[in-house]
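Structure record follows, encoded as structure tokens.
The values are calculated or read from the model by the stated rules, or taken from the named source; none is laboratory data. Predicted model only: the values in this text are computed from it and were never measured. Cβ atoms come from the backbone with ideal geometry, glycine included; neighbour counts cover every protein chain shown.
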Amino acid sequence: MFWEESFGMQLEKFLRPEQFIFSAPMSEQTTFKIGGEADLLIFPSSAEEVSKIFKLVDLFDLPCVILGNGSNVLVRDKGIRGVVVKFTEKFFGNIRCEDNKIIACAGAELKSVSDFAAENSLTGLEFACGIPGSIGGAIFMNAGAYDGEMKNIIAKVKAVTPNGELVEFGRADLDLGYRHSIFQENNCAICEVELNLQRGNIEEIKNKMAEFTTQRESKQPLDFPSAGSTFKRPEGNFAGTLIDKAGLKGLKIGGAMVSEKHAGFVVNAGNATAQDVLNLISEVERRVNETYGIELSPEVRIIGEE
């Protein structure tokens, strides 16, 4: 890549060597354990670093993809051209408490934030304790489970625009809907999240989290790599129920399989390629539509070079 050396030299001015990797296999960066190489993978540790990275990306006129924990994405087999900025707990996961508020950096994992809230006797985030994503990714997707959603507890979000400007969004600015936020359109990088919670009883909070964890472990296919729920919930139905009733549990294409435990999950049953997953998703959509006249669409983000 003609830009690699000079871009790397610029990064060395403000990042540590362990914060960026050229030719990075995305199979190591996603919960699906699938995906070709990214030209360059960067792990920022502050909003200021994100701003500098975005200004460099703009200067070099490179495409840029933002990732959280990599739990709701499928990276195509040819990988990702340009730059991937990944928010991780290791580099960007600080969490703090101020009265009834939790302030978390974007890379903090939801389980860590939920546990931290519980330790501080704050209730309202129990539903998220088993969602395998980062807090930034949870805002991006307006993640939810067990009748809870991020939109109910968000106070504000600090982010960086594509041109490197630090901005703040109030809750009303976020356009939060079912698995949707404004960040899916504006290409800003979520850097810090402030959550509004309530005082509660620490034992009751922990018991509720334990109950949700037990439910999740009993129903979801946690023994195989996946990207979580594969399909969005169609209005008035559940994707998993439709797929199950259509007799598609256990359906395989290559190494990709419709989970035998929960039909709403496509799992990596062994060395699946992204194309295996995409072919299986298409086949499931076709058969459900053929059987019920209902169109499914993926909840998982599909990214990378076609």
If LEU251 satisfies every condition in (1) surrounded by fewer than 23 Cβ atoms within 10 Å (Cβ to Cβ); (2) under 20 Å from GLU295 (Cβ atoms); (3) not assigned by TED's automatic domain parsing to the domain that holds VAL284 but one, which is the exception?
(3)
Testing GLU299 on (1) at pLDDT 95 or above; (2) closer than 30 Å to GLY82 by Cβ, one condition comes back false. Which one is that?
(1)
Members of the stretch 217-232 found to be in contact with a strand residue (DSSP E or B) (Cβ under 8 Å, 6 or more places away or on another chain) and either hydrophobic (A, V, I, L, M, F, W, C) or within 30 Å of ASN120 (Cα to Cα) (or both), listed by number:
PHE224, ALA227, PHE231
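Taking only the stretch 177-191 into account, find how many residues are part of a loop (DSSP other than H, G, I, E, B), modelled with pLDDT under 95 and not polar (S, T, N, Q). Before the answer, list the steps.
Here is the first cut: in the stretch 177-191, the residues part of a loop (DSSP other than H, G, I, E, B) are 178-179, 181-182, 187-188.
Imposing the further condition that a residue be modelled with pLDDT under 95 reduces the set to 178-179, 187.
So of that shortlist, the ones also not polar (S, T, N, Q) come out as 178-179.
The total comes to 2.
Would you mind listing the helices (runs of 4 or more DSSP H) fully within the stretch 192-298 where at least 2 residues are under 24 Å from TYR178 (Cβ atoms) and in contact (Cβ under 8 Å) with a residue 60 or more places away in the chain?
Working: elements: 202-219, 239-245, 274-292.
Passing ranges, in order: 202-219, 274-292.
Provide a single number: the residues in the stretch 7-37 that are closer than 16 Å to ILE53 by Cα and touching a residue at least 40 places away in the same chain (Cβ under 8 Å).
Here is the first cut: in the stretch 7-37, the ones closer than 16 Å to ILE53 by Cα are 7-22.
So of that shortlist, the ones also touching a residue at least 40 places away in the same chain (Cβ under 8 Å) come out as 7, 10-11, 19.
The number of residues fulfilling the criteria is 4.
Got at least one residue in the stretch 292-301 being basic (Lys, Arg) and within 17 Å of the chain's Cα centre (by Cα)?
As a first pass, look at the stretch 292-301 and keep what is basic (Lys, Arg): 301.
From the residues that got through so far, the ones that are within 17 Å of the chain's Cα centre (by Cα) too are 301.
Yes, the stretch 292-301 contains a residue that is basic (Lys, Arg) and within 17 Å of the chain's Cα centre (by Cα).
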Enumeration of residues in the stretch 116-142 that are free of Cβ contacts under 8 Å to residues at least 40 places away in the same chain and either of a type in the set (Lys, Arg) or out of contact with any Leu (no Cβ under 7 Å at 6 or more places or on another chain) (or both):
PHE116, ASN120
Matching entry among GLU48, GLU98 (being charged (D, E, K, R) and touching a Leu at 6+ places or on another chain (Cβ under 9 Å))
GLU48
Is it the case that some residue within the stretch 167-176 is among the β-branched types (Val, Ile, Thr) and over 13 Å from VAL50 (Cα atoms)?
no
First in the stretch 49-64 and within 23 Å of GLU192 (Cα to Cα) and not assigned by TED's automatic domain parsing to the domain that holds GLY107, second anywhere and part of a helix (DSSP H, G or I) and not aliphatic (A, V, I, L, M), Cβ under 7 Å, 6 or more apart
LEU56/PHE7; LEU56/GLN10
Looking at the stretch 20-123, what strands (runs of 3 or more DSSP E) fall wholly within it and have at least 1 residues that are buried (at least 24 other Cβ atoms within 10 Å of the Cβ)?
37-42, 64-67, 73-75, 80-86, 101-105
Can you give me the number of residues within the stretch 181-200 that are more than 19 Å from GLU49 (Cα to Cα) and either of a type in the set (S, T, N, Q) or surrounded by fewer than 16 Cβ atoms within 10 Å (Cβ to Cβ) (or both)?
7
